[in-house]
Amino acid sequence: MSLVFVLLRKQYHGLVLLLLCFGHYYCHVPTTLEGPFEPVTVPFDPALRGVAVDLPDTDPRVRRQVQGFQPEQISLSLSTTHDSVWVSWITGEFQIGYYINPLDPKAVSSVVHYGTSRTSLVHETRGQSLIYNQLYPYEGLQNYTSGIIHHVRLTGLEPSTLYYYQCGDPSLQAMSDIYYFRTMPISGPTNYPGKVAVVGDLGLTYNTTTTIKHLTSNEPDLLVLIGDVSYANLYLTNGTGSDCYHCSFKKQTPIHESYQPRWDYWGRFMQNLVSKVPIMVVEGNHEVEKQAEDREFVAYSSRFAFPSEECGSSSTLYYSFNAGGIHFIMLGAYTNYARTGEQYKWLERDLASVDRSVTPWLVAAWHPPWYSTYESHYREAECMRVEVEDLLYSYFVDIVFSGHVHAYERSNRVYNYNLDPCGPVHITIGDGGNRERMAINFADEPGHCPDPSSTRDPYMGRFCVTNFSFGPAVSKFCWDRQPDYSAFRESSFGYGILEVKNETWALWSWYRNQDSYNEVGDQIYIVRQPHLCPVYQEKCREYSASI
């Protein structure tokens with residue numbers, strides 16, 4: 001076998017990185033077995049910033065293309081297990097103005113015809129429908145009422161099987177085109193979806209369109225969106241938008257407004273992908289969208305189907321599901337996560353129910369990161385970390401995905417700010433392409449360490465951040481260099497692909513929008529080593545004793 005050197009395009013700290021490749025196909029990909037790694041920062045290239053401009057409402061990709069009560073904004077989401085999938089869509093037109101007349105959800109049926117042959121959709125399932133309103137009790141603000149939102153749960157599906165489906169109301173001759181999806185493999189230590197795409201802070205900009213085009217080229221089997229979806233709350237109700245709401249509008253409006261049609265634009269743009277590939281979403285701060293009577297998360301909770309009931313959760317803000325041998329836990333960072341609260345109690349039950357001989361991989365996701373080293377949102381989620389980290393560590397969570405910070409970062413295995421072979425790898429992937437500015441400054445750079453008073457948790461009503469009491473940053477709020485727990489960081493728009501190979505090895509690849517489809521910006525094999533972790537071994541003994 002011949003040896004060739006492949007020159008990687010990037011430069012780290014002025015040094016060109018060489019990858020040693022064997023033959024024409026094999027290049028060494030690092031593994032966590034070789035870690036912890038020395039921290040690496042890829043310098044920001046201003047030429048790659050791109051144009052973070054929202055798609056206008058005149059763009060054909062966001063315009064309504066159907067008539068009457070024909071379905072649009074069609075999407076799929078998973079239930080807790082392989083044999084069940086949710087189909088969602090919208091019929092009828094939204095209204096926005098000072099006087100709105102909501103549609104009657106009972107006027108249109110929620111029906112899905114499906115089968116394993118495109119020409120024989122022999123099964124029929126009916127579901128539920130609803131509308132939601134975004135109301136503002138202030139003079140001069142426009143109100144919104146949605147089209148009719150339909151959610152239908154298909155059950156009794158076979159694993160790893162291609163199904164064709166058509167949704168709508170046959171009695172009104174208002175059925176969609178025929179679409180298709182493939183079910184997840186049955187849960188087991190050797191069964192995994194081929195590719196899981198992970199993205200955060202997506203929005204609906206021209207950068208977003210590049211992200212989705214790039215992501216779609218990787219042919220994912222599942223899409224996980226780590227919060228901040230449409231960014232409708234960067235707009236006033238009259239449709240005027242800004243890259244920074246508080247900078248532009250804080251003094252002009254009595255409440256944080258949102259322009260709900262941006263949700264419809266987002267659903268239309270995304271339909272081409274998520275009508276075939278299931279999307280699982282967890283809320284971010286841009287989904288709060290407070291309105292009359294202090295109601296929050298109404299659009300988010302109404303537009304997506306969640307397996308909350310199936311997994312024993314009482315909320316759309318936190319839930320879990322299986323995708324083959326992976327158990328995903330989606331946590332809410334903008335609702336009560338205290339140890340005395342319902343979410344924490346649910347999390348304890350959910351973790352205790354996981355059989356790692358069936359779903360060896362345990363992956364958690366929530367919006368704000370715990371281990372980001374960027375100046376933006378630095379240590380903002382410390383209260384959540386203090387409450388929840390010990391529980392996740394005790395169950396040996398393998399990977400944590402977060403967004404919120406508009407850049408990319410991968411950690412070494414870490415627990416309580418210490419390098420720990422039993423801690424998860426934390427990946428910040430908030431670089432989907434939204435219109436807010438990219439995060440380019442680091443808290444460890446001179447002049448960029450935030451004021452600790454900026455880290456008050458508005459949802460818990462207290463401060464949890466203190467100066468470090470150990471390590472190289474002892475008595476300081478920020479490190480003076482890239483922290484040891486940070487393995488790799490770079491400011492660029494992009495997304496990631498998780499490919500679980502077996503019960504111990506998974507390949508993580510991060511792709512940058514400006515690169516070719518087969519070129520990776522960061523890649524590593526994450527290797528599970530539960531036998532090294534006494535806490536995990538004790539949990540296994542407790543589980544074995546319980547059965």
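Side notes on the structure shown:
- Helix 206-217 vs. the chain, principal-axis angle (Cα, 0 to 90°, nearest 10): 80 degrees
- Hits among aspartates and glutamates - C-alpha to C-alpha of LYS345 under 20 Å, sequence gap 8 or more where chains match: GLU283, GLU309, GLU310, ASP355, GLU382, GLU387, GLU389, ASP390, GLU542
- Heavy-atom accessible area per residue - segment 375-418, 1.4 Å, Å²: 21 Å²
- Within the shell defined by Cβ-Cβ distances under 14 Å, the residues around LEU225 carry a net charge of -4, with Lys and Arg each +1 and Asp and Glu each -1.
- Counting only DSSP beta bridges with both residues in segment 159-226, the antiparallel share comes to about 65 percent.
- Among the GluC sites (Glu not before Pro) found in segment 368-422, not one is both in a DSSP coil and sparsely packed, with 12 or fewer other Cβ atoms within 10 Å of its Cβ.
- Summing Lys and Arg as +1 and Asp and Glu as -1 over all other residues whose Cβ lies under 15 Å from the Cβ of PRO105 gives a net charge of 0.
- Computed from phi, the 3J(HN,Hα) profile of segment 398-404 under the Karplus parametrisation 6.51, -1.76, 1.60 (θ = phi - 60°) reads 8, 9, 10, 10, 9, x, 6 Hz, with x in place of Gly and Pro.
- Residues of type aspartates and glutamates that LYS213 reaches as a straight line, Cα spacing below 18 Å, ignoring anything fewer than 8 places off in the same chain: ASP54, ASP59, ASP201, ASP221, ASP431, ASP515, GLU519
- For segment 88-188, GluC sites (Glu not before Pro) meeting the loop criterion (DSSP other than H, G, I, E, B) and having at most 11 other Cβ atoms within 10 Å: GLU139.
- Degrees separating the helix 261-274 axis from the principal Cα axis of the chain, which is the longest one: 70 degrees
- With both residues required to sit in the chain, DSSP beta bridges show an antiparallel share near 80%.
- Under a 5 Å amide H cut-off, with hydrogens placed 1.01 Å from N, MET280 pairs with LEU223, VAL224, LEU225 among residues at least 5 apart or on other chains.
- The chain - mean residue ellipticity at 222 nm from DSSP helices (-39,500 (n - 2.57) per run, n ≥ 4, rounded to 500): -4000 deg cm²/dmol
- Over 24 Å between alpha carbons, listed pairs LYS195/LYS276; LYS250/LYS290; LYS251/LYS476: LYS251/LYS476
- Tilt relative to the chain, helix 342-353 - C-alpha long axis, 0 to 90 degrees, to 10: 70 degrees
- Electrostatic dipole magnitude of the chain [Cβ: Lys, Arg +1; Asp, Glu -1; Cα centre; debye, to 20]: 540 debye
- Element breakdown for the chain at a 1.4 angstrom probe: carbon and sulfur atoms account for 52% of the accessible area.
The values are calculated or read from the model by the stated rules, or taken from the named source; none is laboratory data. In this text, all values refer to a predicted model and were calculated from it rather than measured experimentally. Ideal geometry is used to build each Cβ from the backbone, glycine not excepted, and the neighbour counts take in all protein chains shown. The accessibility values were calculated without ligands, DNA or RNA, using every heavy atom of the protein model including side chains. Shrake-Rupley method; radii C 1.70, N 1.55, O 1.52, S 1.80 Å.
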